[in-house]
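Only one structure is covered here, and it is reproduced in the block below.
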Amino acid sequence: MLRHSSASPLLSLPGAVPAEAPDEGVAAHYGDLFREQRALADGSGFVDLSHRGVVSVSGAERLSWLHLLLTQHVSELPPGQATEALILSAHGHVEHAVYLVDDGETTWMHTEPGKQEALIAYLESMKFFYRVEVADRTDDFAVVHLPAGSITEAPEGTVVRETPHGRDLFLPRAELMSFATAGGPSGGAPAIGVLALEALRVEAHRPRLGLETDHRTIPHEVGWIGGAVHLQKGCYRGQETVARVQNLGKPPRRLVFLHLDGSEVHLPPHGTPIRLAADGEEGRQLGFITTSARHHELGPIALALIKRNVPTDAPLIAGGTAAAQEVIVEP
């Protein structure tokens, strides 16, 4: 089977500007970033996430099998109930983040762009004697996000993953363009770029694999305990580290929300060093910017991963940009 085109057909819509890594293949925006953010926050529009990987797991034992591999309690996951989960290394480091829903016959999940092949390789290696079938459905299905409060109806038969932040549709890829243009220019569901969704994600303090994480991230550092990690279950790889940190210690780093100096023209990119403002740009590095964004109400904002013992009231600098922190993960 031919792989789907690396570029979404919605990049042909008026005003579309292609996104950069890690969101290549879809639109960053369609000409007016703040208007798109306001629309999304108000519950209108949709976001093309067709670059994300889509994986399905079918078979009578799918949920009991996934329950053994994931950090989330899914053995009795009801049809239609959304959840999210992680796959950890043997040392408890985050390797995959997946966003799931079960339709009663198949478990559907989406993951970061390009991560589906490694995810499938791991799942296949753990099948053993279980009666499950794992499939890469990225060629066939595109993820489309509808914001919370949206009145746009999902096409009949579409698998929908509904969360407090909105609905993720697993839309047949062949229907993506017709979905985007069904209402015409005033159809009430305009296309919105990923930068608007990212700004609202930063505002909501929600981590993203590969941005808020690196090769040594453990779930406690970025606030995934309780949301993607269920503490009353075991039997998954890396569970010992999760339990040990939860019961006996603190994570070495913590995710923070930053208000950035609005007078700066450029946003500090991913990886920009964080230091104490009092120490200046030559001071000791205490962390790094994970995601920065321009918010339609808050101005320039960011998430950052810093050392746990940095005082919560300490003024910081990101590169040369002043930053005031808000606590997400308690020190």
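Values quoted throughout were computed directly from the atomic coordinates according to the rules given, and no laboratory measurement underlies them. Source: prediction; values computed, not measured. In this analysis, Cβ positions are derived from the backbone assuming ideal geometry, glycine residues included, and neighbour counts consider all displayed protein chains.
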Cα gyration tensor shape for segment 1-141, rounded if a/c is under 1.5, else prolate or oblate: prolate
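Before anything else, pin down the relative contact order of the chain: Cα pairs under 8 Å, at least 6 apart, normalised by residue count, whole percent.
Value for the chain: 18 percent.
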Peptides 286-296, 73-83, 229-239, 313-323 ordered by average Cβ neighbours within 10 Å, highest first: 286-296, 313-323, 229-239, 73-83
Low-density loop positions, chymotrypsin sites (Phe, Trp or Tyr not before Pro), segment 72-131 - DSSP coil, at most 11 other Cβ in 10 Å: PHE128, PHE129
Assigned charges on the beta-carbon of Lys, Arg, Asp, Glu; the chain dipole about Cα centre (debye): 820
Structure-based [θ]222 nm, the chain - -39500 (n - 2.57) summed over DSSP H runs of at least 4, per residue, nearest 500: -4500 deg cm²/dmol
Label corresponding to Rg and Dmax of the Cα atoms in Å when calculated from the structure given, among [x] 20.2, 60; [y] 34.0, 135; [z] 19.3, 59: [x]
Given charges at beta-carbon only (K, R positive; D, E negative), |dipole| of segment 84-142 in Debye: 260
Among ALA302, SER125, THR152 the positive-end extreme of the charge dipole of the chain (Cβ point charges): SER125
Non-local Lys pairs in the chain, i.e. 8 or more apart or on different chains, that have alpha carbons under 28 Å apart: 6
Sorted peptide list for 261-268, 28-35, criterion being average Cβ within 10 angstrom, highest first: 28-35, 261-268
Cα-based shape type of segment 119-254, given that a ≥ b ≥ c are square roots of the gyration tensor eigenvalues and the cut on a/c is 1.5: oblate
Cα-centre dipole for segment 194-331 with unit charges at Cβ (Lys and Arg positive, Asp and Glu negative), debye to 20: 700
Shape category assigned to segment 45-128 from the gyration tensor of Cα positions, a/c cut at 1.5: oblate
